[in-house]
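Undergrad: Before I ask anything, here is the structure I am working with.
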Amino acid sequence: MINRRTAHAVLIGLLAAIILPGIPPARADETRPTENLRMELVLDVSGSMREADIDGQTRMAVAQRAFNEVVDAVPAGTHLGIRVLGATYPGDDPALGCRDTQQIVPVGPVDRDQAKAAIASLHPTGYTPIGLALREAAKDLGTGETARRIVLITDGEDTCAPPDPCDVARELAAQGTRLIVDTLGLIADDKVRQQLVCIAGATGGTYTAAQSADQLADRINQLVDRAQDTYTQTPELVTGSTDCAEAPLLTAGVYTDRERFSEHRWYRVPVRTDQELRASVSIALDRPVNRDYGVLLRAVHPNGRELVRGTDAGSGRTDVLSTGLRWSADTDTDRDPPDDTDTDTDTDTDTDRTGAASDSPAVAATEAPPTEVCLVVSNSFAAPGGPGDAPGMPIELTVDVVDASPTPDSPGLGRGWLLLVVLGLAGLLTGLLAGWLTRWWGTVWKES
């Protein structure tokens with residue numbers, strides 16, 4: 001006679017055999033970067049930072065307050081450093097003043113008390129050697145497998161060139177060290193703006209003017225947060241065109257460009273019939289804009305026919321607006337019909353897929369030349385109080401081309417029928433087995 005304990009063990013074993021195969025094994029995230037985000041804040045502490053023209057406070061006091069807030073809010077895992085320029089030499093000798101840059105907080109896990117004490121000791125003093133400070137900040141960050149970021153905060157242009165800070169930014173970008181420089185200007189000066197835009201543009205960064213204490217603190221925090229999300233890959237600089245024919249040809253990757261208000265930027269991506277295009281765009285709101293704005297990303301056939309679009313979806317953030325789209329070449333059933341004179345890519349593809357020249361659809365899809373899909377980034381931004389679109393808004397475009405996912409043909413379920421049949425049979429077998437186990441368990445219970 002089977003005792004109750006044995007029956008219990010058999011029941012548990014059978015149920016485990018039914019349930020456990022359906023639970024997928026846990027897998028490590030193989031795409032997770034193996035090193036922390038490395039970032040350095042570079043602060044101008046030159047004599048002009050004594051000016052008390054931001055919310056009735058000195059520029060230095062506003063910057064110190066913003067830095068303290070950033071130190072308190074820096075995300076876990078971020079390796080943050082702080083470098084200053086113009087902080088120690090009060091004299092008039094440019095040979096000495098233009099070498100005045102120091103790292104006051106080393107790049108690494110932040111000791112908040114130590115960092116705040118170092119920030120509190122700063123006093124506006126000397127020259128503005130921005131170019132030298134950028135070079136030294138790049139050395140502080142070192143090299144590695146992920147992008148490094150510098151945030152430069154200044155109220156004036158470099159007073160020590162050479163080296164010219166814009167040339168230094170180009171030099172750093174050309175080294176392939178995956179270094180991005182974001183710039184923040186504390187005054188509305190055209191020369192300062194042009195220099196900071198040049199520095200940011202050369203490295204794929206962004207420029208922002210911050211003219212209040214809250215704006216400065218918010219913007220630095222936003223840059224730190226965004227860097228945490230995007231540091232695994234440095235965007236490649238690219239310039240979109242005004243039409244598809246002249247648009248740059250892109251492969252899978254991350255790209256950065258600038259787009260003026262209400263502009264349309266065109267790019268091209270080759271997509272084979274057995275592939276799926278996935279694209280997304282983000283625009284950083286680096287200046288005040290009117291309400292009721294939007295961003296549009298479209299995939300367009302070279303003949304002008306729209307294939308799919310994605311309007312702004314929102315990301316829960318106030319400084320970035322994003323949208324994305326997906327499109328598979330083999331789902332584009334509304335293609336132009338082939339004729340004797342049409343020699344474009346789509347006609348060749350249709351002939352291979354539907355004609356008698358190919359014995360195998362898989363071979364036809366592989367051999368068919370790709371369709372050059374046009375991606376169009378558009379926006380409906382406008383500046384309050386008049387024109388304000390120069391330089392363009394920084395955009396980040398992500399492009400990926402992957403094997404097309406098998407999808408059921410509409411309106412039926414297509415391959416979905418197989419899954420329904422499998423699930424139905426599994427449910428039937430589970431019900432029968434559960435009923436048999438219940439009856440068997442009742443019999444064992446009575447006999448024991």
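The values are calculated or read from the model by the stated rules, or taken from the named source; none is laboratory data. As the structure is a computational prediction, the values presented were derived from the model and not from experiment. Ideal geometry is used to build each Cβ from the backbone, glycine not excepted, and the neighbour counts take in all protein chains shown.
Residue by residue, here is whether (1) in a strand (DSSP E or B); (2) more than 30 Å from Ala209 (Cα to Cα); (3) at pLDDT below 90 holds:
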| residue | (1), (2), (3) |
| --- | --- |
| Ser262 | no, no, yes |
| Trp266 | yes, no, no |
| Ser280 | yes, no, yes |
| Val289 | no, no, yes |
| Asp292 | no, no, yes |
| Arg298 | yes, yes, no |
| Gly314 | no, no, yes |
| Pro338 | no, yes, yes |
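Undergrad: Also, quick follow-up: Scanning region 239-255 for residues that are without any contact (Cβ under 8 Å) to a residue 40 or more places away in the chain, part of a loop (DSSP other than H, G, I, E, B) and within 19 Å of Met393 (Cβ to Cβ), which turns out farthest from the chain's Cα centre (by Cα)?
TA: Thr242
Undergrad: Does any residue of region 25-35 turn out to be part of a loop (DSSP other than H, G, I, E, B), at pLDDT 80 or above, surrounded by 12 or more Cβ atoms within 10 Å (Cβ to Cβ) and not small (Gly, Ala, Ser)?
TA: no
Undergrad: For region 95-141, which positions are among the charged types (D, E, K, R) and not in a helix (DSSP H, G or I)?
TA: Across region 95-141, the qualifying residues are Arg99, Asp100, Asp111.
Undergrad: Residues of region 163-189 being in contact with a helix residue (DSSP H, G or I) (Cβ under 7 Å, 6 or more places away or on another chain) and either in a helix (DSSP H, G or I) or among the acidic types (Asp, Glu) (or both), which ones?
TA: Asp164, Pro165, Cys166, Val168, Ala169, Arg170, Leu172, Ala173, Asp182
Undergrad: Looking for whichever is under 18 Å from the mean Cα position of the chain (by Cα) and among the basic types (Lys, Arg) here; the options are Arg258, Arg170, Arg265. Which one fits?
TA: Arg258
Undergrad: Give me the residue from region 145-162 that is part of a loop (DSSP other than H, G, I, E, B), of a type in the set (A, V, I, L, M, F, W, C) and buried (at least 22 other Cβ atoms within 10 Å of the Cβ) and, out of that set, modelled with the lowest pLDDT.
TA: That would be Ala147.
Undergrad: Still on this structure, please answer the following. Looking at region 104-127 only, could you name the residues that are touching a Gly at 6+ places or on another chain (Cβ under 8 Å) and either within 21 Å of Arg65 (Cβ to Cβ) or of a type in the set (D, E, K, R) (or both)?
TA: Within region 104-127, Val105, Pro124, Thr125 meet the criteria.
Undergrad: Tell me, which residue of region 191-220 that is surrounded by fewer than 19 Cβ atoms within 10 Å (Cβ to Cβ) and of a type in the set (D, E, K, R) is nearest to the chain's Cα centre (by Cα)?
TA: Out of the qualifying residues, it is Asp218.
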